[in-house]
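Below is one structure, written out as C-alpha cells; the observations come after it.
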Amino acid sequence: MMRRLIELAARKRRRVVGLMSGTSVDGIDAVVVELTGNGVDTRQEVLVFDTITLPDGLRHEVFSLFDAGASLDALCRANVAMGEAFAEAALIIIKQAGLQPAEIDLVGSHGQTVRHLPADGATLQIGEPAIIAARTGVVTVADFRPADMAVGGQGAPLVPLVDALLFTHPTEDRLLLNIGGIANVTVLPAGSGAGLAFDLGPGNMLVDAAVAHFSGGRERFDRDGERAGRGRIDEGLLAELLRHAFLRREPPKSTGREQFGGEMLAGILARGQWDEDDLVATLTAFTVRSIAEGITRFCPAGCAGLWVAGGGVHNPRIMAGLQQALPGLAIASLAELGVDPDAREALTFAVLANETLMGQPGNVPAATGARRPAVLGKIALP
C-alpha cells in the first residue's frame, strides 16, 4: 500500500474527487478535478461538479447531533451513515464525469462537522473515510482540521491555502468571500499568496433556520431573497445582534453553529411573535452587516475587488446589500475567476488532499493561529 501512495505522488497529473458537506447539511458538494503539480505549481481543471442531495432522514439524523444531549450511539451510527453517503456521492460524481472509480487517483473528504470548539482545541467531523475508501476503491484523505488544532490552530479556515494557489493575482490585492452557513473571507495580497483569513460571522445559517422554522420544514432557504424582500428590518434587533462579541474579536478566529445556529434563533423566537418576513429580512441584514463590518474593520483597504462563493451568492438581497455596504469594492461572483462559486469548498478539499499526498502543509498559520504549518488529514487505504 505504501508503494501505491508513492506511485500516486509520482504522477504528474491526478484525477481527484473533492467532497464537502457544510453547516446547512443540505447536500454533499462533489467535484472531479484534474490537478497538475502541487503547491504554487498547482493547475486545476474541473471536470464536473454537482450537489448530491442528502435523504431527509439522514439530514434529520445529523441535525439531532447538534443538540447538547445527543447520544454517542447516535453519533456512531451517523458517522457510518454519512460515510456511506459520501461514498455514494463520490461514485455518482465519478459516473457523471464519464469515468470509472479505477480512473480516480484520490478522494479528499471534509466530512460533516457536528462540533467545532476552537477555544477547547476540539472539532469533530463525521463521515467515516474508511467506508469511502472501501466503497470506491480509492485512497481517501479526510479529517483535515485536527492536525491544525494539534499545533495550536483553530482548525479553520482551511480555504486560504487553496485560495492562494488558485486565485492570487500578480499585481492586484483580492478578497475572496464565502457565504455558506458561516461567512469567511480570505485576503490575497498581490503576488504573495494567502494573507489574513478568518470567519466573519453568520452566512446563511440563521436565515435558513428561520425559513425552515416558519415553513414547517417545507422550505430550506430564502429563495432569491423573496422573504427578505417582503419584510421590514427590525433595527432594534439588528443593532443588538451586531453587538455580538465574536464580531469584534480580532482574527484569527473561527465560529460555527454553536454561536450562530439554532440556539440563537430559539432565543430570538422566544421573545414573542414575529412577522415571518420581517425576521428573515432582519437576519439577512445581520449577515450583510456583519460581513461588511468585519471586512471594513479587519481587512486592508485598496483591494481590487471582492469575489463571492457559496450559497449566499445566489441571494440577490445579500449581494445587493453587500454592494451598498461596501461601495468602494467591486463585488462579483467567483464565476468571474473561472470557478463555479458552489464548487469552491469541494475543490478546496480535493486540492488539500493532493497537498497531503505530497507531504506538504495545508494550513496557513496566519489564518488559523497555528504555531507552524502542518500536513493535514488522515489517509484511508482501500
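The values are calculated or read from the model by the stated rules, or taken from the named source; none is laboratory data. Because the structure is a prediction, the values reported are computed rather than measured. Please note: Cβ atoms are built from the backbone with ideal geometry, for glycine as well, and neighbour counts cover all protein chains shown.
Residues in segment 176-229 that are in contact with a Gly (Cβ under 6 Å, 6 or more places away or on another chain) and over 13 Å from Thr23 (Cβ atoms): Val187, Pro189, Leu200.
Just one of the listed residues (Glu235, Glu226, Glu258, Glu250) is among the acidic types (Asp, Glu) and closer than 30 Å to Gly69 by Cα, namely Glu258.
Only a single item in (1) out of contact with any Phe, Trp or Tyr (no Cβ under 7 Å at 6 or more places or on another chain); (2) more than 30 Å from Leu283 (Cα to Cα) is not met by Gly127, and it is number (1). Under the condition of being touching a residue at least 12 places away in the same chain (Cβ under 8 Å), under 24 Å from the mean Cα position of the chain (by Cα) and either under 21 Å from Val313 (Cα atoms) or crowded, with 19+ Cβ neighbours inside 10 Å (or both), the residues counted in segment 205-247 number 15. Screening segment 51-83 for residues that are charged (D, E, K, R) and out of contact with any helix residue (DSSP H, G or I) (no Cβ under 6 Å at 6 or more places or on another chain) and picking the one that is nearest to Ile126 (Cα to Cα) gives Arg77. Across segment 259-282, the number of residues qualifying as under 25 Å from His314 (Cα atoms) and assigned to a helix (DSSP H, G or I) comes to 12.
Within segment 93-147, the set of residues being without any contact (Cβ under 8 Å) to a residue 40 or more places away in the chain and of a type in the set (Asp, Glu) comprises Asp120 only. Looking at segment 182-204, which of its residues are of a type in the set (A, V, I, L, M, F, W, C) and crowded, with 17+ Cβ neighbours inside 10 Å? Once the filter is applied, which keeps residues that are of a type in the set (A, V, I, L, M, F, W, C) and crowded, with 17+ Cβ neighbours inside 10 Å, segment 182-204 yields Ile182, Ala183, Val185, Val187, Leu188, Ala194, Leu196, Ala197, Phe198, Leu200. Against the definition (within 23 Å of Leu329 (Cα to Cα), at pLDDT 95 or above and not in a loop (DSSP other than H, G, I, E, B)), how does Glu293 come out, yes or no? Yes.
For segment 116-143, give me each residue that is under 19 Å from Thr368 (Cα atoms), surrounded by fewer than 18 Cβ atoms within 10 Å (Cβ to Cβ) and either touching a Gly at 6+ places or on another chain (Cβ under 9 Å) or of a type outside the set (Gly, Ala, Ser) (or both). Matches in segment 116-143: Leu117, Asp120, Gly121, Ala122, Leu124.
This table checks each residue for (1) among the hydroxyl-bearing types (Ser, Thr, Tyr); (2) within 20 Å of Asp29 (Cα to Cα).
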site: Ser333; (1), (2): yes, yes
site: Val339; (1), (2): no, yes
site: Asp342; (1), (2): no, yes
site: Ala346; (1), (2): no, yes
site: Val351; (1), (2): no, yes
site: Asn354; (1), (2): no, yes
site: Gly369; (1), (2): no, no
site: Val375; (1), (2): no, no
site: Ile379; (1), (2): no, no
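If you filter segment 328-347 down to residues that are out of contact with any strand residue (DSSP E or B) (no Cβ under 8 Å at 6 or more places or on another chain) and either closer than 12 Å to Val46 by Cβ or modelled with pLDDT of 95 or more (or both), you find that the one that is surrounded by the most Cβ atoms within 10 Å (Cβ to Cβ) is Ala335. Quick check: is even one residue across segment 348-360 small (Gly, Ala, Ser), within 23 Å of Gln112 (Cα to Cα) and either out of contact with any Pro (no Cβ under 9 Å at 6 or more places or on another chain) or surrounded by fewer than 22 Cβ atoms within 10 Å (Cβ to Cβ) (or both)? Looking through segment 348-360, at least one residue is small (Gly, Ala, Ser), within 23 Å of Gln112 (Cα to Cα) and either out of contact with any Pro (no Cβ under 9 Å at 6 or more places or on another chain) or surrounded by fewer than 22 Cβ atoms within 10 Å (Cβ to Cβ) (or both).
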